[in-house]
C-alpha cells in the first residue's frame, strides 16, 4: 500500500504527520535539522499558513515558506493498517 506524502503546508490545524523528506538549499535544511526537524519525526500542525507553527517533541517551531524549502510529510492517519 502506498501512503500519501504531502507538502507540510497542506496539513490542517491539529493534524499530525511524520516528516518524510526535507529538500532545499543545504543551509536551510541544516538549520531545520538543528531544530530537530528531520525524517521520521512526528509533528503536529499548530497554526497553518506562512509562517506556520508546528509542534515537535513538546516544542513549537515557526517555519516561514520561502519557496526554496520543501518539507514533505506523511499524515499520521495514513500510516494506520487497514
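The values are calculated or read from the model by the stated rules, or taken from the named source; none is laboratory data. Since the model is a prediction, treat every value here as computed from it, not as a measurement. Backbone-built Cβ (ideal geometry, glycine too); neighbour counts: all protein chains shown.
In the set (1) touching a helix residue (DSSP H, G or I) at 6+ places or on another chain (Cβ under 9 Å); (2) more than 21 Å from residue 13 (Cβ to Cβ), residue 31 fails one condition alone, (1). All conditions but one from (1) more than 15 Å from residue 69 (Cα to Cα); (2) within 12 Å of the chain's Cα centre (by Cα) apply to residue 14; the one that does not is (2).
Restricting the range 25-44 to residues that are in contact (Cβ under 8 Å) with a residue 12 or more places away in the chain and part of a helix (DSSP H, G or I), the residue that is surrounded by the fewest Cβ atoms within 10 Å (Cβ to Cβ) is 28. The one condition from (1) under 10 Å from the mean Cα position of the chain (by Cα); (2) part of a helix (DSSP H, G or I); (3) free of Cβ contacts under 8 Å to residues at least 24 places away in the same chain that residue 55 does not meet is (2).
Yes or no, residue by residue, for (1) in contact with a strand residue (DSSP E or B) (Cβ under 8 Å, 6 or more places away or on another chain); (2) surrounded by 14 or more Cβ atoms within 10 Å (Cβ to Cβ); (3) in a strand (DSSP E or B); (4) modelled with pLDDT of 95 or more:
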| site | (1), (2), (3), (4) |
| --- | --- |
| 2 | no, no, no, no |
| 20 | yes, yes, yes, yes |
| 50 | no, no, no, no |
| 62 | yes, no, yes, no |
| 65 | yes, yes, no, no |
